[in-house]
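Have a look at the structure below, then the notes.
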Amino acid sequence: MLEKLKAFNRRVAAAVQAVLLPAGLFSAYYLGLGLTWIMVRLLKPSVLRGPRPPDGTFWREARDYEPDEADCLRQS
Amino acid sequence: MPSRVLGLSAHYHDAAACLMQEGRLTAAAHEERFTRRKSDAELPLRALNYCLQEGGITAPDLDAAVFYEKPFLKFARVLIGHLRSFPRSYPSFRRALPRWLQDRLSLPLTLKSELGFSGRTYFVKHHLAHAAAAFLPSGFTEAAILTADAVGEWATLTRGRGSGSRIRVESEMCFPDSLGLLYTAVTTFLGFAAQEGEGTVMGLAAYGKPAYLDRFRAIAAARPDGSFALDQSYFDFYGEERMYTPRFVEAFGRPYAPKAEMDQRACDIAASLQALTEEILLALARDLRQRTKLDDLCLGGGVFLNCVANQRILEESGFKRIFVQPAAGDAGGAMGAAAFVSHCLWGLPRGGPLSPYLGPAFPASRCRRALAAAGLTFRELPEEKLCRETAKMLTEGLVVGWVQGRMEVGPRALGNRTILGDPRNPQMKRFLNDRVKHREEFRPFAPAVLAEEAADYFELDSPSPFMLLAPRVRPQKRAAIPAVTHEDGTARVQTVAEAENPRFYRLIKAFRELTGVPMVVNTSFNRRGEPIVCTPEDAVAVFKATAMDALVVGEFVARREEHA
């Protein structure tokens, strides 16, 4: 009986996920990212182009490549 | 003092784990070898459990775990990338976001729940991990470092230098200007799988002429220092199905379907891409040599699995020696991250030369059981006789599967999970491609040659123990070894020294005694689309599914005719 209930719950959860996940992703993309895109285009279009490298080369100065232990503990 | 660190790479392709103890690499393996899913990108739980077992420890005994990139930085790049290609990037966003939110941003929690490990988890930048993987095991006290791959967090290429246990990355190029992504995009254009078919494209290049080089040069505008920018109107790195745009198709013609016949246009495109890659890498290396004035160069990142480009860098960049580690791609990132923590953070001394034999070995009882369970008739032979008999089989034109000792780390089989053949046999290449490996007929095969005799056959004056150089075969020797001489007269050589792999060395020596030729054909023990075999059972399964003639597992020899 308990197993049947668990299986039923799993099916319900999967069905809810199948509906909510695409809807959530659709909203996150078109509302979240879309609005951000519009604002960035209006206010700071350079973000969409990426940083401009120095003249004559496409190399950029590398930063944060000599981390200490505290730096290494961070995920960012 | 802390000394045990577990290195991990995962979530892009080719996940791997390694264990360093007291500054020494004691185990390393790709997850795909255990799960049997090619380039498996999932968190490498089986590989890391193997590493712990090999090291004789459990997860709570670890002082730290280290991941080969900074997940939050990479996630930020993924989001900004999707923003830049809005609204085309929705299909990619829909696929990527759940994966990121599910487990990629919570590695410490996953390690705790899956392993019971609750110690420190470090995160090392992706290209720093590649730089560490290239320099720290190189044996050089001071060297220039160049890394190149598809993309890490943001960086796609870095340059710098290493000295003692210090690594300085001085400059970087960033996404989307990526040599690795360019190579992968063209690989998919030619109908091969991303992250798998790049080596095939390199092989295909030998059959073409660089007729499209100018078009590629226009797409990748390079400066004299080798730095370049990709014209993004040709690429869609967040596209659902293709990494290239209609403009790329306009420039190069219709794309190739998977498994399509490779015509002259495909060969010329491959040759042009390879020529551009070599041109850029050479310019980068020459510029780095001028800046650093150093004699030694360490190369890291998946781009340097390109042995043809490596050979040109060695010959033409001005550096006297180069070092490319056997797992130069992302799997090696796990080793680099662990080495960085061991040597650069904890100050443990750098160890001796790197051995690629870091995977699992299996006892004789397991080998015997696997052969018996498959119904094979087999004999057990002492080593000397085993090598002699295997060499004799090769001289008879037989193809032999050879499984010995610890499995290799990296994408190349280096004599322990290997299919062997006779390099003198002109039919060997066709037979191996067609009947054993089930792959394209143009794919070349590599020689494993006695280190001390390599220079007699190849224009090579430095060792190539990891099969990452492709020297020219000496013209007078080409006819003698047709099975391993590629269309352009080069060969992807593995030099075998007795100290590095004694049994494999003795086998080649035995072949030399019978034939006068100090090498064998060496190709990875797998079938198309499958990872290299790991266990004796995997080897038996491939043996039974292909036209291989004999199988040598440990001290046991099974011949097909004996159980036919």
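A few comments on the model shown:
Residue-by-condition table, conditions (1) more than 9 Å from chain A (Cβ to nearest Cβ); (2) outside any loop (DSSP other than H, G, I, E, B); (3) basic (Lys, Arg):
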| position | (1), (2), (3) |
| --- | --- |
| B:MET173 | no, yes, no |
| B:ASP177 | no, no, no |
| B:LEU181 | yes, yes, no |
| B:GLN195 | yes, no, no |
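- Residue within the stretch B:201-217 that is touching a Leu at 6+ places or on another chain (Cβ under 9 Å), surrounded by fewer than 20 Cβ atoms within 10 Å (Cβ to Cβ) and closer than 17 Å to B:SER178 by Cβ present: yes
- Of the helices (runs of 4 or more DSSP H) lying entirely inside the stretch B:23-116, those containing at least 2 residues that are under 27 Å from the mean Cα position of the chain (by Cα) and within 14 Å of chain A (Cβ to nearest Cβ) are B:71-84, B:90-99, B:107-115.
- Matching residues, the stretch B:302-331, being assigned to a helix (DSSP H, G or I), of a type outside the set (S, T, N, Q) and out of contact with any Phe, Trp or Tyr (no Cβ under 8 Å at 6 or more places or on another chain): B:GLY302, B:PHE304, B:LEU305, B:CYS307, B:VAL308, B:ALA309, B:ARG312, B:LEU314, B:GLU315, B:GLU316, B:ALA331
- Lone unmet requirement of (1) in a loop (DSSP other than H, G, I, E, B); (2) more than 25 Å from the chain's Cα centre (by Cα) for B:ALA221: (1)
- Exactly one residue out of B:ARG388, B:ARG443 is surrounded by fewer than 23 Cβ atoms within 10 Å (Cβ to Cβ), touching a helix residue (DSSP H, G or I) at 6+ places or on another chain (Cβ under 7 Å) and not in a loop (DSSP other than H, G, I, E, B): that is B:ARG388.
- Taking helices (runs of 4 or more DSSP H) as the structural unit, those lying wholly within the stretch A:7-76 and holding at least 1 residues that are more than 24 Å from the chain's Cα centre (by Cα) and facing chain B (nearest Cβ under 9 Å) correspond to A:69-73.
- Any hit, the stretch B:140-156, residues being more than 13 Å from chain A (Cβ to nearest Cβ), of a type in the set (D, E, K, R) and in a loop (DSSP other than H, G, I, E, B): yes
- Residue, modelled with the lowest pLDDT, within the stretch A:47-63, restricted to residues that are under 26 Å from B:TRP100 (Cα atoms) and surrounded by fewer than 13 Cβ atoms within 10 Å (Cβ to Cβ): A:PRO51
- Residue-level analysis places B:ALA334 among those that are touching a Cys at 6+ places or on another chain (Cβ under 8 Å), in a helix (DSSP H, G or I) and small (Gly, Ala, Ser).
- Within the set B:TYR50, B:TYR68, the sole residue that is crowded, with 23+ Cβ neighbours inside 10 Å, touching a His at 6+ places or on another chain (Cβ under 7 Å), at negative phi and not basic (Lys, Arg) turns out to be B:TYR68.
- Condition met for B:SER85 (of a type in the set (S, T, N, Q), surrounded by fewer than 22 Cβ atoms within 10 Å (Cβ to Cβ) and over 13 Å from B:ALA331 (Cβ atoms)): yes
The values are calculated or read from the model by the stated rules, or taken from the named source; none is laboratory data. Keep in mind the model is a prediction, meaning the values are calculated, not measured. Reconstructed Cβ throughout: ideal geometry from the backbone, glycine too, with neighbour counts over all protein chains shown.
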